[in-house]
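S.K.: Quick one: the structure is below, questions incoming.
The values are calculated or read from the model by the stated rules, or taken from the named source; none is laboratory data. Quick caveat: nothing in here was measured; it's all calculated off a predicted structure. Cβ coordinates were reconstructed from backbone atoms using ideal geometry, including for glycine residues, and neighbour counts include every protein chain displayed. Remember, those area values only see protein heavy atoms, side chains included, never the ligands or the DNA or RNA. Shrake-Rupley method; radii C 1.70, N 1.55, O 1.52, S 1.80 Å.
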Amino acid sequence: MNRDSLIVISILIVAIFGFIFITGFKTGGDAVSVENSEIRDGVQYITINAQGGYSPRVTEARSGIPTKLIMKTNGTYDCSLSLVIRSIGFQKILPQTGETEIDLGIPKVGVPLEGVCGMGMYNFRINFI
């Protein structure tokens, strides 16, 4: 191997590892979270973090019980502050830091809830089972 080939190979290796480091090496699809919901005093609370998008992107939660969505922000300054949930007619600018509680009523099985930022760049989905 000549010197130019070694340089090209080194650059490619650095670029690949840089990409893996920056993206966190996410493999296809969205992971489904069930750890961001809890039931207290007969009410289900689902927490979604809003900063640079929404996390988790996909959640599974129980249907048939009173449910509240907690949107958490912490120094958020991007478009994920502008939250739209069309199915319940919700549209609001979230505080840059804090929690916003949204009453979802009693969700029905198989009817997902989808939230999106005001620009349509970021979204999340809650599947009720």
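S.K.: Which condition breaks for Ser87 when tested against (1) over 23 Å from Glu35 (Cβ atoms); (2) in a strand (DSSP E or B); (3) of a type in the set (Gly, Ala, Ser)?
M.R.: (2)
S.K.: If you check every pair at least six apart or on different chains, which have Cβ atoms under 6 Å apart with a residue in the stretch 111-129 that is part of a loop (DSSP other than H, G, I, E, B) first and a residue that is open to solvent by less than 50 Å² (accessible area, probe 1.4 Å) and polar (S, T, N, Q) second?
M.R.: Matching pairs, first to second residue: Pro112/Asn127; Gly118/Ser82; Tyr122/Ser80.
S.K.: Which of (1) open to solvent by 10 Å² or more (accessible area, probe 1.4 Å); (2) touching a strand residue (DSSP E or B) at 6+ places or on another chain (Cβ under 8 Å); (3) in a loop (DSSP other than H, G, I, E, B) is the odd one out, the single condition Ile70 does not satisfy?
M.R.: Going through the list (1) open to solvent by 10 Å² or more (accessible area, probe 1.4 Å); (2) touching a strand residue (DSSP E or B) at 6+ places or on another chain (Cβ under 8 Å); (3) in a loop (DSSP other than H, G, I, E, B), Ile70 breaks only (3).
S.K.: Another one. Here are some conditions: (1) at pLDDT 95 or above; (2) open to solvent by 30 Å² or more (accessible area, probe 1.4 Å); (3) hydroxyl-bearing (Ser, Thr, Tyr). Tyr54 meets all but one. Which one does it not meet?
M.R.: Going through (1) at pLDDT 95 or above; (2) open to solvent by 30 Å² or more (accessible area, probe 1.4 Å); (3) hydroxyl-bearing (Ser, Thr, Tyr) one by one, Tyr54 breaks only (2).
S.K.: Select from the stretch 95-129 the residues that are surrounded by fewer than 18 Cβ atoms within 10 Å (Cβ to Cβ) and hydrophobic (A, V, I, L, M, F, W, C) and write down the one among them that is nearest to Pro66 (Cα to Cα).
M.R.: Ile106
S.K.: Of the residues that sit in the stretch 73-84 and are not in a helix (DSSP H, G or I) and not charged (D, E, K, R), which one is most open to solvent (accessible area, probe 1.4 Å)?
M.R.: Of the residues in the stretch 73-84, the ones not in a helix (DSSP H, G or I) are 73-78, 82-84.
Pick out the ones that are also not charged (D, E, K, R) and you get 73-77, 82-84.
Numbers: Thr73: 12, Asn74: 110, Gly75: 27, Thr76: 0, Tyr77: 169, Ser82: 31, Leu83: 0, Val84: 19 Å².
So the residue we want is Tyr77.
S.K.: Could I ask something else about it? Conditions: (1) at positive phi; (2) touching a helix residue (DSSP H, G or I) at 6+ places or on another chain (Cβ under 9 Å). Leu113 meets all but one. Number of the miss?
M.R.: So the condition that Leu113 fails would be (1).
S.K.: Still on this structure, please answer the following. Could you check Thr100 against (1) of a type in the set (Ser, Thr, Tyr); (2) part of a strand (DSSP E or B); (3) under 14 Å from the mean Cα position of the chain (by Cα) and say which number it fails?
M.R.: Looking at each condition in turn, Thr100 falls short on (3).
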